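Here's the structure we're looking at; comments come further down.
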Amino acid sequence: MKSAVIAGVGSYLPPRLVTNDDLAARLDTSDEWIRTRTGMSVRHVVEPGGATSDLAVEAGRRALESAGGGGADVVVLATTTPDRQVPPTAPEIASRLGLGTVAAFDLSAACAGFLYGLAGAAGLIATGAAERVLLIGADAFTTMVDPDDRGTVVLFGDAAGAVLLRAGEAAEPGAVGLPVLGSDGSLADLIQVPAGGSRSRSSGPPSKQPDPMDVYFKMNGRETFRHAVQRMSQASREAVERAGWELGDVDRLGAHQANLRILAAVADELGFEPERQLTNIAEVGNTAAASLPTLLAMSAADGSLRAGHRVLLTAFGGGLSWGAATLTWPDVVVG
Ligand code: COA
């Protein structure tokens, strides 16, 4: 059975920056509060009118270049912020990348989307349905948060990251171990956008129409924090065990960049020193489905992630949904 092997990686951050001080200039918050509570200093945001596909196309192009050119049989876009509710965004990305009429679909698993996407890509490759899968994690979350809600607007940035996965052997560097995945829909209300889906779209009486503020992202931050630490720690242990590794064998922990205190708690729980953790949260904030592939691309580019490193990836987000996966980092030039 073939394995999915990372052959290329790339990321894209939109150039427009929003600093903590920019936010403090118009909201009741401060650079000090944001840095100490979240670890974030600055975030990249799309231009007004910009959308997820704009980021995803650039990251996808870079991942294809990193893989030495060639196309893909399937494009998978993990996102919570598709350009439109209909159609899916992946076909447009495939078309703009010049990939013609290849299979292309969106995958919705919030901030765990990249790991769910790895599982999907691995399945497509294992069954022979695809030889090469372009997996993109992209989100323009700043288009969905209430610009006046200091509790959420400080947390998110926009980005896209991508990997090109090719059919290969399980023992090769870059081969992705089968991810550990989980969900808990009994806690669906913890992280949500109440309006915009079928439940809020009924043509009933005005009393049943959604509140205009329901188009915005809402989150119970404290509860989310607790579950994030618990689920990422547990999934990480399982993924390491599935790989036949010990936690001490892992060279780099790449966890979803949600909050520096969440990262510290997960690292503490698993016994990871700061030198073994990858982080870019200060520069990008929480970029949802883009978080892990962006972290991989930026860490490989700055040398904190190197060929031969044993990597443990983990993520958590709305759903609730979570996951973890292992791989040995391949010798790739970042696109
Ligand atoms: N600036 C200043 N004060 C703020 C603030 C901001 N940007 N945001 C919230 N506060 C205030 C709150 O109103 C509250 O004030 P009160 O005590 O007067 O009510 C106080 O700070 C503490 O709020 P709390 O929510 O308990 O803070 P916290 O330490 O839990 O940090 C989060 C808030 C959102 C940063 C934190 O809970 C978190 O990161 N949660 C997980 C979020 C996450 O990862 N989500 C994505 C999952 S994929």
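The values are calculated or read from the model by the stated rules, or taken from the named source; none is laboratory data. Just so we're clear, the structure is a prediction, and the values are computed from it rather than from any experiment. Neighbour counts are summed over all protein chains in view; Cβ atoms, including those assigned to glycine, are modelled from backbone coordinates with ideal geometry. The area values use the complete protein model at the heavy-atom level, side chains included, leaving out ligands, DNA and RNA. Shrake-Rupley method; radii C 1.70, N 1.55, O 1.52, S 1.80 Å.
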Does T314 count as open to solvent by 40 Å² or more (accessible area, probe 1.4 Å), of a type outside the set (K, R) and within 16 Å of the ligand (Cβ to nearest atom)? no
Which number in (1) surrounded by fewer than 22 Cβ atoms within 10 Å (Cβ to Cβ); (2) in a helix (DSSP H, G or I); (3) within 16 Å of the ligand (Cβ to nearest atom) marks the one condition that E283 misses? (3)
When restricted to R61, R96, the only residue assigned by TED's automatic domain parsing to the domain that holds V163, open to solvent by 70 Å² or more (accessible area, probe 1.4 Å) and in contact with a Leu (Cβ under 9 Å, 6 or more places away or on another chain) is R61
If I filter the stretch 32-45 for residues that are over 30 Å from A265 (Cβ atoms) and either without any contact (Cβ under 8 Å) to a residue 12 or more places away in the chain or of a type in the set (A, V, I, L, M, F, W, C) (or both), do I get at least one hit? no
Mind checking which pairs have a first residue in the stretch 106-129 that is at positive phi and a second that is away from the ligand (no atom under 16 Å from the Cβ) and among the charged types (D, E, K, R), Cβ under 9 Å, 6 or more apart or different chains? G128/K2
Suppose the filter is open to solvent by 70 Å² or more (accessible area, probe 1.4 Å) and in contact (Cβ under 8 Å) with a residue 12 or more places away in the chain; does D211 pass it? yes
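Here's the yes/no breakdown for (1) within 24 Å of I262 (Cα to Cα); (2) in contact (Cβ under 8 Å) with a residue 24 or more places away in the chain; (3) assigned by TED's automatic domain parsing to the domain that holds A130:
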position	(1), (2), (3)
V18	yes, yes, yes
L23	yes, yes, yes
S30	yes, no, yes
G69	no, no, yes
Looking at the stretch 146-156, is at least one residue open to solvent by 20 Å² or more (accessible area, probe 1.4 Å) and over 23 Å from T29 (Cβ atoms)? no
Considering only the stretch 261-288, state which residues are without any contact (Cβ under 8 Å) to a residue 12 or more places away in the chain and of a type in the set (D, E). D268, E273, E275
Filter the stretch 20-31 for residues that are more than 9 Å from the ligand (Cβ to nearest atom) and of a type in the set (D, E); which is most open to solvent (accessible area, probe 1.4 Å)? D21
Those residues of the stretch 99-109 that are buried (at least 20 other Cβ atoms within 10 Å of the Cβ) and touching an Asp or Glu at 6+ places or on another chain (Cβ under 8 Å) come to a total of 0
Failed item in (1) aliphatic (A, V, I, L, M); (2) crowded, with 24+ Cβ neighbours inside 10 Å; (3) touching a helix residue (DSSP H, G or I) at 6+ places or on another chain (Cβ under 6 Å); (4) over 24 Å from M1 (Cα atoms), with V133 passing the rest: (4)
Requiring at least 3 residues that are within 30 Å of V42 (Cα to Cα) and away from the ligand (no atom under 16 Å from the Cβ), the strands (runs of 3 or more DSSP E) wholly within the stretch 95-179 are 132-140, 158-168
Close pairs from the stretch 140-169: first without any contact (Cβ under 8 Å) to a residue 60 or more places away in the chain, partner within 15 Å of the ligand (Cβ to nearest atom), Cβ under 8 Å, at least 6 apart: P147/V153
G71 passes all but one of the listed conditions (1) more than 30 Å from E172 (Cβ to Cβ); (2) open to solvent by 10 Å² or more (accessible area, probe 1.4 Å); the exception is number (1)
